[in-house]
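Asks: Can you keep this structure in mind? I'll have questions shortly.
The values are calculated or read from the model by the stated rules, or taken from the named source; none is laboratory data. What you see is a predicted model; the values in this text were computed from it and never measured. When we count neighbours, we look across all protein chains shown, and the Cβ atoms used for this are built from the backbone with ideal geometry, even at glycine.
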Amino acid sequence: YRFLPTLGEMDQYLLGEGRHEELWTVLGANLRTYPSAHGEIHGTAFAVWAPNARAVRVVGDFNIWDGRRHAMRSLGSSGVWELFVPGLGPGALYKFELLTPDGSWRQKADPVAKYAQVPPATASVVVESQYVWQDDEWLRRRAASDPHDGPMSV
């Protein structure tokens, strides 16, 4: 495959340890740009943690929901499957198609999708967030406060 994995070794290690604190940046559907000799290549990187799957494919409106066109590759013992699809951008509908241990294929919505269709439709949607977080002051106050001295939400 011509594109390097979108998850680095540290991402895979932290995921395996259960200590990755920014999973939304590596799992799901994330827009990426790769440099190449012919200019930048824009597309979408798909990644899902499916440690018991025998195979994983990404299906969507961009491949007529035919997973044979976009088989994902396993990143070994991490349990992560990933694939970069060049030219695919915001608005694309997708699901993951997993080959279960019993040999059947099952389509699943992305568990860390940033956006999904409204039921009864069930596909996940590739999006590019334009939101700019403005909670720096709140985060500073939270970090400086003693959690034992304030109210608790259960």
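Asks: Six or more apart or on different chains, Cβ under 7 Å: which pairs go from a residue in the stretch 1-25 that's over 21 Å from residue 86 (Cβ atoms) to one that's part of a helix (DSSP H, G or I)? Could you list them?
Replies: Listed by first residue and then by second, the contacts come to 12/78; 15/78; 16/78; 20/11; 20/14.
Asks: If you don't mind, another one. Which one is farthest from the chain's Cα centre (by Cα) among residues in the stretch 51-64 that are aliphatic (A, V, I, L, M) and in a strand (DSSP E or B)?
Replies: So the residue we want is 55.
Asks: Suppose we keep only residues that are at pLDDT below 95 and not in a loop (DSSP other than H, G, I, E, B) within the stretch 16-31. Which one would you say is surrounded by the fewest Cβ atoms within 10 Å (Cβ to Cβ)?
Replies: 17
Results for (1) buried (at least 20 other Cβ atoms within 10 Å of the Cβ); (2) modelled with pLDDT of 95 or more, shown as yes or no for each residue.
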{"site": "53", "(1), (2)": "yes, yes"}
{"site": "64", "(1), (2)": "no, yes"}
{"site": "72", "(1), (2)": "yes, yes"}
{"site": "79", "(1), (2)": "no, no"}
{"site": "82", "(1), (2)": "yes, yes"}
{"site": "98", "(1), (2)": "yes, yes"}
{"site": "109", "(1), (2)": "no, yes"}
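Asks: May I pose another question? Among the residues of the stretch 32-50, which ones are part of a loop (DSSP other than H, G, I, E, B) and either at pLDDT 95 or above or of a type in the set (S, T, N, Q) (or both)?
Replies: Once the filter is applied, which keeps residues that are part of a loop (DSSP other than H, G, I, E, B) and either at pLDDT 95 or above or of a type in the set (S, T, N, Q) (or both), the stretch 32-50 yields 36, 50.
Asks: Of all residues in the stretch 32-50, which are among the aliphatic types (A, V, I, L, M) and surrounded by 11 or more Cβ atoms within 10 Å (Cβ to Cβ)?
Replies: Within the stretch 32-50, 41, 45, 47, 48, 50 meet the criteria.
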